[in-house]
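S.K.: One structure is given below, represented as structure tokens, and several questions about it will come after.
The values are calculated or read from the model by the stated rules, or taken from the named source; none is laboratory data. Remember, it's a predicted structure, so these values are computed and weren't measured experimentally. As a convention, Cβ positions derive from the backbone with ideal geometry for all residues, glycine included, and neighbour counts pool all protein chains shown.
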Amino acid sequence: DVTLGVSEAEAADELAGFFLRLKRGYGRVTVKMAMSADGRTAMASGESQWITGEEARADVQAWRACSDVIVTGSGTVSADDCSLTLRPCDNRLDSDDWERAMVAPTPRAVIDTNANTPASANVVAGLTPTTLFTREGACLDSSMSDSVCQELIASSPAGLDLRQALLKLGEKGANEILIEAGPTLVGALEQENLIDQWLIYMAPVMLGSDARPTHHAVFNSLGQANRYSISAHDLIGDDLRIIMRQVAKG
């Protein structure tokens with residue numbers, strides 16, 4: 001006998017990014033955010049290491065390994081000199097999955113309007129393929145490694161056309177797009193309603209009103225705000241992991 005529908009929900013989630021890419025040209029956009037219980041991501045000084053615990057940070061590594069590209073902004077590169085590399089951890093991925101991920105690390109991308117990323121930045125170090133999305137006329141640091149490529153994107157005074165950048169990632173076959181960025185890029189994505197899923201790690205700590213917010217999107221009414229449904233919530237160590245997925249307006 002053949003039993004239909006076994007693990008149907010799991011299979012649908014596994015293929016969600018692929019089907020989105022076929023439908024609209026780019027995959028599922030997931031924003032990863034570590035925040036305090038009062039919705040803050042860093043102190044006013046920029047201090048943020050570490051808001052969440054070791055278990056939550058290990059869980060992020062598994063999400064990186066399962067993504068097709070990790071995207072950040074030039075502001076985060078400048079402030080944190082992030083590398084966006086993979087670190088094998090004792091979590092939901094088995095050793096074979098980690099071995100594959102380490103042999104072919106998840107590619108990186110930087111939204112970098114004016115090509116400000118220096119060749120010395122960690123995000124362009126090593127052999128991991130890295131794409132810098134810039135405006136036309138912007139020139140990369142001449143000493144960039146061969147693993148770095150430039151994609152020219154239409155721009156306006158507000159910045160790059162983010163949908164076009166996502167479409168470029170879709171052309172490269174990215175089904176799962178993981179965003180790890182600061183409030184400016186995340187806010188721009190939220191403002192343009194380009195976020196499909198939020199991966200939130202909420203720590204049991206209050207940072208106060210002067211601490212930095214999750215994003216800079218501005219909505220003037222509840223009707224304008226983007227709605228999400230909570231699809232999962234789990235304790236990861238001492239932190240609460242919440243997965244929210246977009247609810248269609250109307």
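S.K.: Return the total of residues in the range 229-243 being of a type in the set (A, V, I, L, M, F, W, C) and farther than 15 Å from residue 13 by Cα. Break it down stepwise before answering.
M.R.: First pass over the range 229-243, keeping only residues of a type in the set (A, V, I, L, M, F, W, C): 230, 232, 235-236, 240, 242-243.
Next cut, farther than 15 Å from residue 13 by Cα only: 235-236, 240, 242.
Residues that pass the stated criteria total 4.
S.K.: Which residue pairs have Cβ atoms under 8 Å apart, sit 6 or more places apart or on different chains, and have a first residue in the range 182-202 that is without any contact (Cβ under 8 Å) to a residue 40 or more places away in the chain and a second that is part of a helix (DSSP H, G or I)?
M.R.: Once the first residue is without any contact (Cβ under 8 Å) to a residue 40 or more places away in the chain and sits in the range 182-202, its partners that are part of a helix (DSSP H, G or I) give 188/162; 192/162; 192/163.
S.K.: Then there's this: Considering only residues that are touching a residue at least 40 places away in the same chain (Cβ under 8 Å) and not in a strand (DSSP E or B), look in the range 227-248 and name the one that is surrounded by the most Cβ atoms within 10 Å (Cβ to Cβ).
M.R.: Residue satisfying both the conditions and the ranking: 237.
S.K.: Please give the number of the condition residue 201 fails out of (1) farther than 19 Å from residue 29 by Cβ; (2) modelled with pLDDT of 95 or more; (3) among the hydroxyl-bearing types (Ser, Thr, Tyr).
M.R.: (1)
S.K.: Moving on. Exactly one condition in (1) surrounded by 18 or more Cβ atoms within 10 Å (Cβ to Cβ); (2) at pLDDT 90 or above; (3) more than 28 Å from residue 15 (Cβ to Cβ) is not met by residue 53; state its number.
M.R.: With respect to (1) surrounded by 18 or more Cβ atoms within 10 Å (Cβ to Cβ); (2) at pLDDT 90 or above; (3) more than 28 Å from residue 15 (Cβ to Cβ), residue 53 is out only on (1).
S.K.: Could you list all residues from the range 1-45 that are hydroxyl-bearing (Ser, Thr, Tyr), modelled with pLDDT of 80 or more and either exposed (fewer than 12 other Cβ atoms within 10 Å of the Cβ) or more than 22 Å from residue 202 (Cα to Cα) (or both)?
M.R.: Going residue by residue through the range 1-45, those that are hydroxyl-bearing (Ser, Thr, Tyr) are 3, 7, 26, 30, 36, 41, 45.
Within this subset, residues satisfying the condition of being modelled with pLDDT of 80 or more are 26, 30, 36, 41, 45.
Selection gives 26, 45.
S.K.: For the range 181-204, check the following and say yes or no: at least one residue is exposed (fewer than 13 other Cβ atoms within 10 Å of the Cβ) and over 16 Å from the mean Cα position of the chain (by Cα).
M.R.: There is at least one residue in the range 181-204 that is exposed (fewer than 13 other Cβ atoms within 10 Å of the Cβ) and over 16 Å from the mean Cα position of the chain (by Cα).
S.K.: Which is in contact with a strand residue (DSSP E or B) (Cβ under 7 Å, 6 or more places away or on another chain) and not small (Gly, Ala, Ser), of 132, 167, 127?
M.R.: 132
S.K.: Is there a residue in the range 152-163 that is of a type in the set (Asp, Glu) and out of contact with any strand residue (DSSP E or B) (no Cβ under 6 Å at 6 or more places or on another chain)?
M.R.: no
S.K.: Under 9 Å by Cβ, and 6 or more places apart or on different chains, what pairs join a residue from the range 212-223 that is touching a residue at least 40 places away in the same chain (Cβ under 8 Å) and under 14 Å from residue 191 (Cβ atoms) with one that is of a type in the set (S, T, N, Q) and surrounded by 15 or more Cβ atoms within 10 Å (Cβ to Cβ)?
M.R.: What qualifies is 213/41; 214/41.
S.K.: For residue 99, only one of the following conditions fails: (1) closer than 16 Å to residue 81 by Cβ; (2) assigned to a helix (DSSP H, G or I). What is its number?
M.R.: (1)
S.K.: Going by what's in this entry, would residue 224 be described as of a type outside the set (Asp, Glu) and part of a strand (DSSP E or B)?
M.R.: The answer is no for residue 224.
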